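Colleague: Could you have a look at this structure, given as structure tokens, before my questions?
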Amino acid sequence: MRIVFGSTKYLIKNIWYVLPYAILPAVFFTLLLDYASLSDLLTGFFTGAPKSDFLLNFRALSLLKIDLLGGMYTLCAFICFVIFGTLLLTVVEKHMRLGKRTPSGALSQFANLLLSVLGFALAYFIMYEVWVVALSAVLFAISAIRNAIVVCILQALAFVLFTLVLLYLSTISYLWLPCKQMTGFGNFAAFIYSYRLMATIRGKLLVSFGIFFTAIAAIITGMTFLPEIAFRIVSFFVFLFAFLDFGIRMETAYFTADKLDREDLIRSYREL
């Protein structure tokens with residue numbers, strides 16, 4: 001249960017401690033969502049008239065925007081993810097390792113971890129965009145079938161299958177950053193060790209990812225049928241939670257997989 005709900009428990013208990021790190025990333029990721037394309041795509045799907053447009057699929061799913069304003073949003077979102085993601089990992093790791101909820105000392109790790117987070121973010125961004133291109137192409141190919149009901153069923157199955165693949169790929173190096181923090185290993189040694197640890201928790205982590213992804217997808221899907229202002233507001237809070245949960249889950253999963261004591265929990269028990 002620690003793998004599935006541990007990050008949520010930590011987030012609820014320490015919300016005001018970690019919340020500031022997620023505000024700017026949530027703003028820019030919200031701005032990256034293409035409301036018009038998402039609304040058009042999902043309306044067609046749920047009304048039984050699926051759209052047959054590769055670019056529409058890509059615009060609805062991709063975080064990579066090629067127009068000037070969208071390109072600036074993409075760049076800002078990526079920079080914010082790297083900087084504030086690094087800050088979040090350093091303060092959360094210190095809190096779990098020492099039980100101290102203060103930024104002093106944790107911030108000294110910022111420079112050591114920044115390049116690793118940059119490489120991690122770039123690898124995950126590229127992986128996601130390749131996934132978007134492949135999924136968009138498959139959805140476009142399926143739309144060539146003349147029966148709308150069959151198209152909707154096959155597109156739904158394709159989305160679920162591709163999502164499972166994406167979630168599995170996301171687990172491969174998910175523990176790499178906290179492993180580097182805790183062990184001081186080099187890049188390759190940390191990857192090998194973290195991959196071995198992942199083998200012990202992958203099933204539970206996939207379940208937690210599945211719950212997490214399904215909830216986000218359901219909320220965003222529902223919001224596309226509301227006015228854009230409501231869509232943006234709700235999406236901001238979704239990304240606020242998603243950013244925090246993604247980083248915190250790394251630390252809680254690593255501590256569980258490596259069987260390390262969490263001082264933040266021990267201190268809490270002592271205070272009872």
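The values are calculated or read from the model by the stated rules, or taken from the named source; none is laboratory data. What you see is a predicted model, and the numbers here were worked out from it, not measured in a lab. Using ideal geometry, Cβ is built from the backbone for each residue, glycine included, and neighbour counts are taken over all protein chains shown. These accessible areas exclude ligands, DNA and RNA; they are computed on the full protein's heavy atoms, side chains included. Shrake-Rupley method; radii C 1.70, N 1.55, O 1.52, S 1.80 Å.
Colleague: Of (1) of a type in the set (Gly, Ala, Ser); (2) buried (at least 17 other Cβ atoms within 10 Å of the Cβ); (3) in a loop (DSSP other than H, G, I, E, B), residue 104 satisfies all except one. Which?
Modeller: Looking at each condition in turn, residue 104 falls short on (2).
Colleague: Here is a follow-up. Mind counting the residues in the stretch 36-92 that are in a helix (DSSP H, G or I), open to solvent by 30 Å² or more (accessible area, probe 1.4 Å) and among the hydroxyl-bearing types (Ser, Thr, Tyr)?
Modeller: Number satisfying all stated conditions: 2.
Colleague: Here's a follow-up. Take the stretch 118-130 and flag every residue that is open to solvent by less than 50 Å² (accessible area, probe 1.4 Å) and under 14 Å from the mean Cα position of the chain (by Cα).
Modeller: Of everything in the stretch 118-130, those that are open to solvent by less than 50 Å² (accessible area, probe 1.4 Å) and under 14 Å from the mean Cα position of the chain (by Cα) turn out to be 120, 121, 124, 127, 129.
Colleague: Since residue 135 meets every condition but one in (1) crowded, with 17+ Cβ neighbours inside 10 Å; (2) more than 16 Å from the chain's Cα centre (by Cα); (3) not in a helix (DSSP H, G or I); (4) not aromatic (Phe, Trp, Tyr), which condition does it not meet?
Modeller: The number of the failed condition is (3).
Colleague: Give just the number: which of (1) open to solvent by less than 10 Å² (accessible area, probe 1.4 Å); (2) in a helix (DSSP H, G or I); (3) at pLDDT 95 or above does residue 205 not satisfy?
Modeller: That leaves (3) as the condition not met.
Colleague: Right, something else. Which residues, taken from the stretch 138-150, are assigned to a loop (DSSP other than H, G, I, E, B), out of contact with any Ser or Thr (no Cβ under 9 Å at 6 or more places or on another chain) and either surrounded by 13 or more Cβ atoms within 10 Å (Cβ to Cβ) or of a type outside the set (D, E, K, R) (or both)?
Modeller: Of everything in the stretch 138-150, those that are assigned to a loop (DSSP other than H, G, I, E, B), out of contact with any Ser or Thr (no Cβ under 9 Å at 6 or more places or on another chain) and either surrounded by 13 or more Cβ atoms within 10 Å (Cβ to Cβ) or of a type outside the set (D, E, K, R) (or both) turn out to be 145, 147.
Colleague: Could you grab me the full set of residues in the stretch 170-190 that are open to solvent by 70 Å² or more (accessible area, probe 1.4 Å) and part of a helix (DSSP H, G or I)?
Modeller: If the condition is that a residue be open to solvent by 70 Å² or more (accessible area, probe 1.4 Å) and part of a helix (DSSP H, G or I), then 187, 188 are the ones that fit.
Colleague: Can you confirm whether residue 256 is over 18 Å from residue 167 (Cβ atoms), in a helix (DSSP H, G or I), out of contact with any strand residue (DSSP E or B) (no Cβ under 7 Å at 6 or more places or on another chain) and modelled with pLDDT under 95?
Modeller: Against the criterion (over 18 Å from residue 167 (Cβ atoms), in a helix (DSSP H, G or I), out of contact with any strand residue (DSSP E or B) (no Cβ under 7 Å at 6 or more places or on another chain) and modelled with pLDDT under 95), residue 256 qualifies.
Colleague: Any residue at all in the stretch 151-161 that's open to solvent by 70 Å² or more (accessible area, probe 1.4 Å) and small (Gly, Ala, Ser)?
Modeller: So far as the stretch 151-161 goes, no, none of its residues is open to solvent by 70 Å² or more (accessible area, probe 1.4 Å) and small (Gly, Ala, Ser).
Colleague: Suppose we filter 243, 237 for residues that are within 29 Å of residue 43 (Cα to Cα), touching a residue at least 24 places away in the same chain (Cβ under 8 Å), of a type outside the set (Val, Ile, Thr) and open to solvent by 50 Å² or more (accessible area, probe 1.4 Å); which single one remains?
Modeller: After ruling out the rest, the residue left standing is 237.
Colleague: Does any residue in the stretch 136-164 that is touching a residue at least 40 places away in the same chain (Cβ under 8 Å) come within less than 8 Å, Cβ to Cβ, of a residue that is part of a helix (DSSP H, G or I) and polar (S, T, N, Q) six or more places away or on a different chain, and which pairs are these?
Modeller: 136/57; 139/57; 139/155; 140/57; 143/155
Colleague: Right, next: Restricting to the stretch 1-35, what's the tally of residues that are open to solvent by less than 60 Å² (accessible area, probe 1.4 Å), touching a residue at least 40 places away in the same chain (Cβ under 8 Å) and part of a helix (DSSP H, G or I)?
Modeller: Of the residues in that region, 20 qualify.
Colleague: Cβ-Cβ distance below 6 Å, separation of 6 or more or different chains: which pairs start in the stretch 175-199 with a residue that is over 14 Å from residue 117 (Cβ atoms) and of a type in the set (Ser, Thr, Tyr) and end on one that is assigned to a helix (DSSP H, G or I) and open to solvent by 10 Å² or more (accessible area, probe 1.4 Å)?
Modeller: Sorted first by the residue in the stretch 175-199, then by its partner, the pairs are 194/176.
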